[in-house]
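Values quoted throughout were computed directly from the atomic coordinates according to the rules given, and no laboratory measurement underlies them. As the structure is a computational prediction, the values presented were derived from the model and not from experiment. Ideal geometry is used to build each Cβ from the backbone, glycine not excepted, and the neighbour counts take in all protein chains shown.
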């Protein structure tokens, strides 16, 4: 996977990492700036720019990363939902006498995956 | 009664939530930057107190917006998991729309044949191809049947 492909596919995680790194950088710069001065009036701007802004950037970056995880779960549930729908249609097809292939092995896999998803959600 | 539900969004959040959290983040960060700018222009710490308050308010806004965003996303995913587990995911429509019998409370009626010893969910693989009849749990248990251990109706 090239870097541009990674950017397109995982833009939220890449942006999250970049913002978190920027946030930590702001915190370090704020700390360095504040530690070089003995006057509170000179230290407060560093606390605001480095400290609070850094915390905001880290919070936004973390949110982006966790949002990407939730999106992944959502897509997995889309897939699971689709497979269950296919299996339900196959079962109904059997009831009406139509030839339908029940993806039993797939269903077992789906249920195992669903159990994992539930565990993560808890 | 067949219930037609709205199609599921492509992600756990709606458009309004995306716009809401983006606006809150931008406003929060701009507030922190404004407080920094304001505090830098003042040489006295007593005059900087109000700017600190403003900066903290901006940071709290960002934290609250992101926290609520994640909470909403997690709730949507958990609700969706519940829908899939029940076999009544919104994408499929109501249980009645899928052709299964339901009671007044929209719960699936378990099914069985006359000769069965267990009653099942209608979509249980063990009922596939069998001429089953939906009925209430009470009537199944009254007929001496127990709940299926596979589908746990």
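Below are the figures for this structure:
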| quantity | calculated |
| --- | --- |
| Residue order, fewest to most surrounding Cβ atoms within 10 angstrom, among B:31, B:133 | B:133, B:31 |
| Length added when fully stretched, residue A:4-residue A:41, from 0.36 nm per residue minus Cα-Cα | 8.8 nm |
| Fewest-first sequence of B:62, B:85 by Cβ atoms within 10 Å of each Cβ | B:85, B:62 |
| Sorted by Cβ neighbour density within 10 Å, fewest at the top, the residues B:32, B:60 | B:60, B:32 |
| Additional length obtainable on full extension of the chain from residue B:150 to residue B:68, 0.36 nm per residue less Cα span | 25.7 nm |
| Distance between modelled label sites at residue B:139 and residue A:15, nm, 7 Å Cα→Cβ extension | 5.5 nm |
| Spin-label model distance (nm) - residue B:34 vs residue B:22, 7 Å beyond Cα toward Cβ | 2.1 nm |
